[in-house]
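Engineer: Got a structure here, written out as C-alpha cells. Questions coming.
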Amino acid sequence: MDTTDSLLIVGAGNAGAELAISARQNGWTGAITLLGDETHLPYHRPPLSKAYLSGKADADSLSMRPNEAYAKAGIALRLGTHVVSIDRETKTLRLARGERLEYTKLALCLGGRARPMQVEGLIEDRPPVNLHYLRSRADAEAIRGNLKPGCRLIVIGGGYVGLEVAASARSLGIAATILEAQSRVLARVTGPEVS
C-alpha cells in the first residue's frame, strides 16, 4: 500500500463509517474519504423509529462518533455530497456539483431505499404532505412534526420498524393503526406465536 493511494467510500451510514475507521485501523495509509448525501455525521438508524421519534433521544445522541474521531483517523468527510456517476476505467467519481474525484479503491456502502408506495391517484414525485417514509433522520423529524395530539397515524407495514413507529406514536398519545399485507405482523422474521 502506498500513501498516495486513495480510498473513496460512497455512503456515510453505518457500513461506510465502520469501513473508513476499520481501513485506517488495519493499516490503510493512503487517503480515506467518506462521502454521504446527508449533511449529518454518520449516525445510528435504529433509534429513529423509537427513542428519536418519541423525543427521548436528541440528534447528538444518534452520532456514531464525534467529528474529532474522523479527523484523528485522517478520514475526510464529504457530507451533503451526491455522487452521480462512476467511471471505472479512469477510476473517477463525478459529483453533482461537477467535481471529479480519483480513487485507487472504491467502496459502495449505499444501504437501502424505501420502496415507494404505489396507490391509484398517488403521484410519486408529489406525495401528500402527511405521507412519510422512514429511512433517515430527516424522515423521522418530518414524522415527529406531524405527531400532534388528536391526530391518527396509519403505519403501512407490520415489520419491526412499523411496529416501533406505532409504539412510539402510542407513547405520545397518538392513535395508531397498522396495515400489514401478510396475515400477521413480523411474518417474515418470526413464528406465529411471536406474531
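Engineer: GNM, the chain, Cα, under 10 Å: largest mean-square fluctuation among A167, A31, A181?
Structural biologist: In this elastic network of the chain, the residue with the biggest mean-square fluctuation among A167, A31, A181 is A181.
Engineer: Compare S85, S61, S49 by solvent-accessible area with a 1.4 Å probe and give them largest first, with all protein chains kept in place.
Structural biologist: Greatest to least solvent exposure: S61, S85, S49.
Engineer: Sticking with this structure for a sec: What lysines could a cross-link reach from K56, if we take a straight Cα to Cα line under 21 Å and drop same-chain neighbours fewer than 8 places away?
Structural biologist: K148
Engineer: Also, quick follow-up: Applying the Karplus parametrisation 6.51 cos²θ - 1.76 cosθ + 1.60 with θ = phi - 60° to the phi angles of the range 72-82, what ³J(HN,Hα) value in whole Hz is obtained for each residue in order, glycine and proline being reported as x?
Structural biologist: With the stated coefficients, the range 72-82 comes to 4, 7, x, 9, 7, 9, 10, 8, x, 10, 10 Hz.
Engineer: What aspartates and glutamates sit close enough to K91 to cross-link, taking a C-alpha to C-alpha distance under 13 Å and skipping anything fewer than 8 places away on the same chain?
Structural biologist: D5, E102
Engineer: If you don't mind, another one. Which ³J(HN,Hα) values, rounded to whole Hz and listed in residue order, are derived for the range 157-166 from phi using the Karplus coefficients 6.51, -1.76 and 1.60 in 6.51 cos²θ - 1.76 cosθ + 1.60 with θ = phi - 60°, glycine and proline given as x?
Structural biologist: 3J(HN,Hα) across the range 157-166, in whole Hz: x, x, x, 4, 5, x, 5, 5, 4, 4.
Engineer: From the helices alone, meaning DSSP H stretches of at least four residues, give me the mean residue ellipticity at 222 nm for the chain, per-run term -39500 (n - 2.57), in deg cm²/dmol to the nearest 500.
Structural biologist: -6000 deg cm²/dmol
Engineer: Once ligands and nucleic acids are excluded and a 1.4 Å probe is used, how much of I154 is accessible, expressed in Å² to the nearest 10?
Structural biologist: For I154, the solvent-accessible surface is approximately 110 Å².
Engineer: Which whole-number value in Å² is the accessible area per residue of the chain, probe 1.4 Å?
Structural biologist: On a per-residue basis, the chain sits at 62 Å².
Engineer: Sticking with this one: Once neighbouring chains are kept in place and the probe is 1.4 Å, which whole percent of the accessible area of the chain is contributed by carbon and sulfur?
Structural biologist: 52 percent
Engineer: Which of the following values of log10 I(q)/I(0) by the Debye sum over Cα atoms at q = 0.14, 0.16 Å⁻¹ was calculated from the structure shown: (i) -0.78, -0.95; (ii) -0.92, -1.07; (iii) -0.81, -1.10?
Structural biologist: The value matching this structure is (ii).
Engineer: How much solvent-accessible surface does T4 expose, in Å² to the nearest 10, with a 1.4 Å probe and all protein chains in place?
Structural biologist: 110 Å²
Engineer: Starting from the Cα gyration tensor of the range 79-195, take the square roots of the eigenvalues, sort them a ≥ b ≥ c, and report rounded, prolate or oblate (rounded when a/c is under 1.5, otherwise prolate if a/b is larger than b/c, else oblate).
Structural biologist: Taking the square roots of the gyration eigenvalues as a ≥ b ≥ c, the range 79-195 is prolate.
Engineer: Between I178 and residues 5 or more places away or on another chain, which pairs have amide H atoms under 5 Å apart, with H built 1.01 Å from N, and which residues are they?
Structural biologist: Amide H neighbours of I178: V155.
Engineer: Using θ = phi - 60° and the Karplus curve 6.51 cos²θ - 1.76 cosθ + 1.60, what whole-Hz ³J(HN,Hα) does each residue of the range 137-150 get, with Gly and Pro shown as x?
Structural biologist: 4, 4, 4, 4, 5, 5, 5, 4, x, 9, 8, 10, x, x
Engineer: Still on this structure, please answer the following. In whole angstrom, how far apart do the alpha carbon centroids of the range 31-56 and the range 120-163 sit?
Structural biologist: 18 Å
Engineer: Sticking with this structure for a sec: Go through 63-73, 100-110, 134-144, 115-125 and give me the packing order, highest mean Cβ count within 10 Å leading.
Structural biologist: The densest-packed peptide leads the list: 134-144, 100-110, 63-73, 115-125.
The values are calculated or read from the model by the stated rules, or taken from the named source; none is laboratory data. Nothing here was measured: the structure is a model prediction, and the numbers come from that model. So basically every Cβ, Gly included, is an ideal-geometry build from the backbone, and we count neighbours across all protein chains shown. Heads up: the accessible areas ignore ligands, DNA and RNA and are worked out on the full protein's heavy atoms, side chains in. Shrake-Rupley method; radii C 1.70, N 1.55, O 1.52, S 1.80 Å.
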